[in-house]
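J.: Quick one: this structure, given as structure tokens, is what I'll be asking you about.
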Amino acid sequence: MLTINRPNNNGYENFDLFSEINNSNIQFHKEHILEINVKKNGYIYLPPNKENYIYEVIQGAVKLGGYSDNGESFVYEVLPHTEFFGNFKYLNGQFQEYAKAIVDCKIRVYNLDFFKATVLTNPFLSNWFISYLVKRWCSAEVKLKNIKEKHVKERIASLQNHYNVPIEDANGKSYILFNLLTKQDMGDLIGVTRQTVASIIQKEKQLIF
């Protein structure tokens, strides 16, 4: 039995945007909603992020990250299936990120203008989207709280709890999301170095065995 400690938007646990669009008889053209396959370690987008779309993870998982001033990459979010990302139009070029497939992924791509018009004109979808943004906001604040208040060992345990999510890649192969994170990913997500994460995990293994 998996224990998952993740913020959830109550009432929308099984929500499926694409199904809701179809069930509501919302008209769209093939260029409004596309499905793409992205191979493991492939980029869905890179800076300067000039294409403005909303992306949904259908199968697989995605890393979101950026680059430091000296060009080193870092990860600040990892998203499993049913999660959304993208759209930098409102940020006026002030924010840059990359999105990278952790495993072979199937991604649904929504035209931004279509997505906005659909959400704004449908009260049910508007309410869902607001609740979804609050969920993501809460998730980010929980991670910051853990970084501020907890020791490194506790941060790793919280990270494991948060990403203790079963996923399936585009080929139907099953994984636990946490097990796909590298030591560097973990370090980036909890604000420590890769070496610190490796040292803590090694000590934990020695205590177990």
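The values are calculated or read from the model by the stated rules, or taken from the named source; none is laboratory data. From a predicted model like this one, the values you see are computed outputs, not experimental measurements. So basically every Cβ, Gly included, is an ideal-geometry build from the backbone, and we count neighbours across all protein chains shown. Heavy atoms of the whole protein, side chains included, go into the accessibility calculation; ligands, DNA and RNA do not. Shrake-Rupley method; radii C 1.70, N 1.55, O 1.52, S 1.80 Å.
J.: How many residues does the range 32-54 hold that are touching a strand residue (DSSP E or B) at 6+ places or on another chain (Cβ under 7 Å) and under 20 Å from Q96 (Cβ atoms)? Write out each step before concluding.
T.: Of the residues in the range 32-54, the ones touching a strand residue (DSSP E or B) at 6+ places or on another chain (Cβ under 7 Å) are 32-47, 51, 53-54.
Checking which are under 20 Å from Q96 (Cβ atoms) leaves us with 38, 41-47, 51, 53-54.
Here the count works out to 11.
J.: Can you name every residue in the range 184-209 that is under 23 Å from K39 (Cβ atoms) and open to solvent by 50 Å² or more (accessible area, probe 1.4 Å)?
T.: Matches in the range 184-209: Q184 only.
J.: Considering G86, G65, which residue is buried (at least 19 other Cβ atoms within 10 Å of the Cβ) and of a type outside the set (A, V, I, L, M)? Let's see the steps before the verdict.
T.: Details: G65 fails: buried (at least 19 other Cβ atoms within 10 Å of the Cβ).
Just one listed residue meets the conditions, G86.
J.: Would you tally the residues in the range 140-164 being under 30 Å from V119 (Cβ atoms), touching a residue at least 60 places away in the same chain (Cβ under 8 Å), buried (at least 17 other Cβ atoms within 10 Å of the Cβ) and not aromatic (F, W, Y)?
T.: 1
J.: Give me a count of the residues in the range 68-83 that are open to solvent by 60 Å² or more (accessible area, probe 1.4 Å) and without any contact (Cβ under 8 Å) to a residue 12 or more places away in the chain.
T.: Looking only at that region, the number is 3.
J.: What is the residue count in the range 1-52 for residues that are over 28 Å from L144 (Cα atoms), of a type in the set (A, V, I, L, M, F, W, C) and in a loop (DSSP other than H, G, I, E, B)?
T.: 2
J.: Go through (1) touching a residue at least 40 places away in the same chain (Cβ under 8 Å); (2) within 22 Å of I54 (Cβ to Cβ) and name the single condition K89 misses.
T.: (1)
J.: Spot the failing condition for E51; the list is (1) modelled with pLDDT under 85; (2) closer than 29 Å to L159 by Cβ; (3) surrounded by fewer than 14 Cβ atoms within 10 Å (Cβ to Cβ), and only one is missed.
T.: All conditions are met except number (2).
J.: Quick check on the range 166-181: of everything there that is in contact with a helix residue (DSSP H, G or I) (Cβ under 8 Å, 6 or more places away or on another chain) and surrounded by 18 or more Cβ atoms within 10 Å (Cβ to Cβ), which residue is farthest from I58 (Cα to Cα)?
T.: Applying the filter and picking the extreme gives L181.
J.: From K143, K100, K173, grab the single residue that is at pLDDT below 95 and of a type outside the set (A, V, I, L, M, F, W, C).
T.: Details: K100 fails: at pLDDT below 95; K173 fails: at pLDDT below 95.
After ruling out the rest, the residue left standing is K143.
J.: May I pose another question? Given the conditions (1) of a type in the set (G, A, S); (2) in a loop (DSSP other than H, G, I, E, B); (3) surrounded by 14 or more Cβ atoms within 10 Å (Cβ to Cβ), report the number of the one that A99 does not fulfil.
T.: It is condition (2) that A99 fails.
J.: Same structure, new question: Could you list, in sequence order, all residues of the range 106-134 that are among the charged types (D, E, K, R), open to solvent by 50 Å² or more (accessible area, probe 1.4 Å) and touching a residue at least 60 places away in the same chain (Cβ under 8 Å)? Before the answer, list the steps.
T.: So the first thing to find is which residues in the range 106-134 are among the charged types (D, E, K, R), and the list is 106, 108, 113, 116.
Add one more test, that the residue is open to solvent by 50 Å² or more (accessible area, probe 1.4 Å), and what stays is 106, 113, 116.
Residue satisfying the conditions is K106 alone.
J.: Still on this structure, please answer the following. Give me the residue from the range 2-39 that is surrounded by 15 or more Cβ atoms within 10 Å (Cβ to Cβ) and of a type outside the set (A, V, I, L, M, F, W, C) and, out of that set, nearest to K143 (Cα to Cα).
T.: P7
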